[in-house]
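Q: Shown below is the structure under consideration.
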């Protein structure tokens, strides 16, 4: 018996015996032997063989049961032995791997760093996308039943889908749609807290009484609103404060019952919202109040009956047993009936209602720009990860080739290929595990960067790394290990024993080269795609930021104050504004200031008609024409250029003169190819005509791009201008931030009754609009740069290894008379050829893929040749840098040493 | 006649370990030893004995190897491992002190009543 001769340790080494299938037959044999021995003994004592057998079996006991028991015990024992063996071999692999890794620490560190960045980037972008698109707002229970109401209507030949409607409509849906268990109106606004010099601004959500119960948001301290708090047109003066606001006050337990002076009224705090809950839009909310308590301040006394005021949004919870289409058709019926009842000929009475996601990033007409860019960036992060995986694979391949002889020897000694495969995969696993652990730390930093620098307007839940994201990281790491480790491991195991043992080490390099060059090509191609993406976004951002919108965004401040709400009469309010207008330029750093009424950039818009001869009006995209009343220093303050004619004179400003300035867009639409200066038209119901004295460049109204509006400007005392100044615009010479505080205290000190004075720079106002481009440009650039570095490191490793493998060949070449330059060229050529193929491939992919980037770009062709050429140059430069050191080393090969090394 | 002594599993383990302390034996031989030494006072089912042997093997107190018996049959031989030897010493010490205690009690004189 061979098993008997071979000690267990050797048997284990060569994996002999111990087959679990033999357990049962061994037990069989053992029992049979026992019975046979007993029968022999009994027969020898003179017993009949048959009786002896019966006796032996009787003495033994239940044979079948015994067999079962013994097999179970043995299987258990063998299983444990096997597990211990596997654990031991894994520990052995691990020791071996760590020893190997420590031999080339720099390369390992770089490879792990690359993998770390790849995993971290993928994790963060997954976290962001998860938060933006998948996770419902924190605190909402059974969020899949909660829907935003989207109203879809035709205006002219265009269909608009939006959430903003009149309060009576939302109220009608709430009372007449049986498919909803509840409907709540909500509106986000700013209110003044306190009065006079100390007045400050708070973000307030005006909500229906059922808001918290509808969303299922539990109030941990105090109570939520009830239907009794909400009885339009009034509401109880009570407030629920946000957790962040409460903590800002020092988290007092006795906050319930405290009073808050909001817009001059006393509100009682009745509750604190749960941590993380920040309304449905995930923007900052300081407190919630019943809609009736403040709606009149925002929309006037008619707020709950006016069908023409579009301001609130609706959120509804579906009854659990009803499908969304039923609710949609019921709501659509209510919507159409309401539209018909309004008797407005221009209203589309065949609109529909769509139940949208509770997340405002997923609208019925598609994803928000931020989430679209985030999705792109998640793809980009995956590409970075792939590039990093290619690096790891390349490295492991190089090591597998180096160790070909060693592997062949082990195979010849009888080590199983499966065991060897496991060992080769262990290397990848160790790299992957270290990288995944490091990635968790890097993720924190990257997360903070993305949240606070790139997407600052969103209130994120405490951390985006929750269990799901963690599971994702682990999955990504495993995927990376498998991707990076499987090919080298398969290659390693496929080693042919006799060939490998016969050939000398320097002959080995060639055959595996193909795969590694292919990996280099893929890396180069992917890096180029990212660089092109970065280039396109940077160009777009530059085009957007560099656009002259008629307002010097970085140096212009918008000053607004709600004087009417603070109890000022219209005349007193006008006086307060005029005083601010007069005194603002006395502050150091203020260049000029202007008062604006009616239509204020980034704030409000009202339209007026121009009576053109013939009565036909060209269609204006964006509506209008809008009109503003302005003081004569308005254009000087915003920085807008007068294209034709002139600005208002001080005389025109002081008197009710009938003069106007039209913007370029209006001029182009109404008087194409003509100079409108000098023409005189009736405005609205003013019987006397108003003369055009100038044409000014189109000044931004709401949107930074793709949102130009036809506008005309009138002097402040023109008969069509009513209501007094709405805002003060202030232009500063330098950084406006130091001016803001002085300006506020100067204006607020005007009277002890003054409300909070809001001062925002236009740069801050438009920042959210720039966010998709900023996000795209910075993250694409960051990821592109990382990809470039990773690819360069990979190239360096491969070239260094290539040179090391060919020392002998290079030595021969030099001995035969090759010049050092020829050798350098040979090496560099290898690198540049791979990169060149990668560039062609990458450019093709980019040309194809960037088509879908089109609507995220601004005045940038997705096929911009400059971007493509620059990206390719950057890649070639990186490749040249990465191959220069190996090439120099190859040139310094001493032929004598190289040949003697054999 | 099976299990008429109601032998405890722990006691059977102890006997098996003790028998194996003299040298490697196959299961049949272990069974005979126990019967002969106890002069047939201890009669257990062979099934229980084999279960004991395999469990001791699972715990690593005995090791088993296949060999050839005197009658030229393939047989499984058990021998004590060093851990098994330690176990045997510990169990003997424990059993002896336990048995002493039991004997002291059953042989005691009636206590003097106060």
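Q: Out of the stretch A:158-182, which residues are touching a strand residue (DSSP E or B) at 6+ places or on another chain (Cβ under 6 Å) and at pLDDT 90 or above?
A: A:167, A:170, A:173, A:174, A:180, A:181, A:182
Q: Looking at (1) buried (at least 20 other Cβ atoms within 10 Å of the Cβ); (2) touching a helix residue (DSSP H, G or I) at 6+ places or on another chain (Cβ under 9 Å); (3) within 23 Å of residue A:205 (Cβ to Cβ), find the lone condition where residue A:122 falls short.
A: Of the numbered conditions (1) buried (at least 20 other Cβ atoms within 10 Å of the Cβ); (2) touching a helix residue (DSSP H, G or I) at 6+ places or on another chain (Cβ under 9 Å); (3) within 23 Å of residue A:205 (Cβ to Cβ), the odd one out for residue A:122 is (3).
Q: So which helices (runs of 4 or more DSSP H) are wholly in the stretch A:798-902 and hold at least 3 residues that are under 30 Å from residue A:541 (Cα atoms)?
A: A:820-849, A:865-891
Q: Kindly indicate which of A:521, A:529 is in contact (Cβ under 8 Å) with a residue 12 or more places away in the chain, within 20 Å of the chain's Cα centre (by Cα) and either buried (at least 21 other Cβ atoms within 10 Å of the Cβ) or in a helix (DSSP H, G or I) (or both).
A: Answer to the selection: A:529.
Q: Kindly establish whether residue B:55 is closer than 30 Å to residue A:75 by Cα, in a helix (DSSP H, G or I) and within 14 Å of another protein chain (Cβ to nearest Cβ).
A: yes
Q: Working carefully through the options A:148, A:95, A:102, find the one that is assigned to a strand (DSSP E or B) and either touching a residue at least 24 places away in the same chain (Cβ under 8 Å) or at negative phi (or both).
A: Every option except A:148 fails the conditions.
Q: Across the stretch A:45-60, what is the total count of residues that are away from chain B (no Cβ under 11 Å) and in a helix (DSSP H, G or I)?
A: 7
Q: Working only within the stretch A:624-645, note down all residues that are out of contact with any strand residue (DSSP E or B) (no Cβ under 6 Å at 6 or more places or on another chain) and surrounded by fewer than 19 Cβ atoms within 10 Å (Cβ to Cβ).
A: Of everything in the stretch A:624-645, those that are out of contact with any strand residue (DSSP E or B) (no Cβ under 6 Å at 6 or more places or on another chain) and surrounded by fewer than 19 Cβ atoms within 10 Å (Cβ to Cβ) turn out to be A:632, A:641.
Q: Can you tell me which residue is surrounded by the fewest Cβ atoms within 10 Å (Cβ to Cβ) among those in the stretch B:12-35 that are more than 12 Å from every other protein chain (Cβ to nearest Cβ), free of Cβ contacts under 8 Å to residues at least 40 places away in the same chain and part of a helix (DSSP H, G or I)?
A: Once the filter is applied, the top-ranked residue is B:33.
Q: In the stretch A:306-341, how many residues are part of a loop (DSSP other than H, G, I, E, B) and within 20 Å of residue A:215 (Cβ to Cβ)?
A: Residues that pass the stated criteria total 4.
Q: Assuming residue A:192 fulfils every condition listed in (1) in contact (Cβ under 8 Å) with a residue 60 or more places away in the chain; (2) part of a helix (DSSP H, G or I); (3) over 30 Å from residue A:356 (Cβ atoms) apart from one, which condition is it?
A: Here residue A:192 clears every test but (2).
Q: Let me ask something additional. For the stretch A:368-467, give me every one of the helices (runs of 4 or more DSSP H) that falls completely inside it and has 2 or more residues that are in contact with a strand residue (DSSP E or B) (Cβ under 9 Å, 6 or more places away or on another chain).
A: A:369-402
Q: Specify which of the listed residues (B:91, B:85) is in contact with a helix residue (DSSP H, G or I) (Cβ under 6 Å, 6 or more places away or on another chain), away from chain A (no Cβ under 14 Å) and touching a residue at least 24 places away in the same chain (Cβ under 8 Å).
A: Unique residue meeting the criteria: B:91.
Q: Considering every residue within the stretch A:324-332, establish whether at least one is out of contact with any strand residue (DSSP E or B) (no Cβ under 8 Å at 6 or more places or on another chain) and either within 30 Å of residue A:430 (Cα to Cα) or modelled with pLDDT under 90 (or both).
A: No, every residue in the stretch A:324-332 fails to be out of contact with any strand residue (DSSP E or B) (no Cβ under 8 Å at 6 or more places or on another chain) and either within 30 Å of residue A:430 (Cα to Cα) or modelled with pLDDT under 90 (or both).
Q: Okay, moving on. Out of (1) more than 8 Å from every other protein chain (Cβ to nearest Cβ); (2) in a strand (DSSP E or B); (3) modelled with pLDDT under 90, what's the single condition that is false for residue B:77?
A: Result: residue B:77 passes all but (3).
Q: Among residues belonging to the stretch A:441-455 that are touching a helix residue (DSSP H, G or I) at 6+ places or on another chain (Cβ under 7 Å) and within 20 Å of residue A:110 (Cβ to Cβ), point out the one that is surrounded by the most Cβ atoms within 10 Å (Cβ to Cβ).
A: That would be A:443.
Q: Sticking with this structure for a sec: Checking the condition buried (at least 17 other Cβ atoms within 10 Å of the Cβ), at pLDDT 80 or above and touching a strand residue (DSSP E or B) at 6+ places or on another chain (Cβ under 6 Å), which residue from A:761, A:850 passes?
A: A:761
Q: Return the residues of the stretch B:60-74 that are more than 7 Å from chain A (Cβ to nearest Cβ) and not in a loop (DSSP other than H, G, I, E, B); say none if nothing qualifies.
A: Result: B:62, B:63, B:64, B:68.
Q: Which residues, taken from the stretch A:61-83, are more than 7 Å from chain B (Cβ to nearest Cβ) and closer than 14 Å to residue A:30 by Cα?
A: Selection gives A:63, A:64, A:67, A:68, A:71.
Q: Output the residues belonging to the stretch A:4-28 that are within 11 Å of another protein chain (Cβ to nearest Cβ), modelled with pLDDT under 90 and surrounded by 16 or more Cβ atoms within 10 Å (Cβ to Cβ).
A: Matches in the stretch A:4-28: A:23, A:26.
Q: Sort through A:219, A:269 and tell me the only one that's touching a helix residue (DSSP H, G or I) at 6+ places or on another chain (Cβ under 8 Å), at negative phi and not in a strand (DSSP E or B).
A: Checking each option against the conditions leaves just A:219.
Q: Restricting the search to the stretch A:660-698, which residues are in contact with a helix residue (DSSP H, G or I) (Cβ under 6 Å, 6 or more places away or on another chain) and modelled with pLDDT under 90?
A: Selection gives A:676, A:698.
Q: Quick one: residue A:648 ticks every box in (1) in contact with a strand residue (DSSP E or B) (Cβ under 7 Å, 6 or more places away or on another chain); (2) surrounded by fewer than 23 Cβ atoms within 10 Å (Cβ to Cβ); (3) in a loop (DSSP other than H, G, I, E, B) except a single one, so which number is it?
A: Only one criterion is unmet by residue A:648, namely (2).
Q: Now, a different point. Kindly check whether there is at least one residue in the stretch A:171-183 that is more than 30 Å from residue A:760 (Cα to Cα) and free of Cβ contacts under 8 Å to residues at least 12 places away in the same chain.
A: There is at least one residue in the stretch A:171-183 that is more than 30 Å from residue A:760 (Cα to Cα) and free of Cβ contacts under 8 Å to residues at least 12 places away in the same chain.
Q: Would you mention how many residues in the stretch A:812-831 are buried (at least 21 other Cβ atoms within 10 Å of the Cβ) and farther than 15 Å from residue A:523 by Cβ?
A: 3
Q: Now a separate question. Can we say residue A:38 is touching a helix residue (DSSP H, G or I) at 6+ places or on another chain (Cβ under 6 Å), in a helix (DSSP H, G or I), over 30 Å from residue A:420 (Cα atoms) and within 9 Å of chain B (Cβ to nearest Cβ)?
A: In short, yes.
Q: Mind listing whichever residues of the stretch A:563-612 are surrounded by 15 or more Cβ atoms within 10 Å (Cβ to Cβ), touching a residue at least 24 places away in the same chain (Cβ under 8 Å) and assigned to a strand (DSSP E or B)?
A: Those that are surrounded by 15 or more Cβ atoms within 10 Å (Cβ to Cβ), touching a residue at least 24 places away in the same chain (Cβ under 8 Å) and assigned to a strand (DSSP E or B): A:590, A:591, A:592, A:593, A:594, A:595, A:596, A:597, A:598, A:600, A:604, A:610.
The values are calculated or read from the model by the stated rules, or taken from the named source; none is laboratory data. Predicted model only: the values in this text are computed from it and were never measured. Quick reminder, even Gly has a Cβ in these numbers, built from the backbone with ideal geometry, and neighbours come from all protein chains shown.
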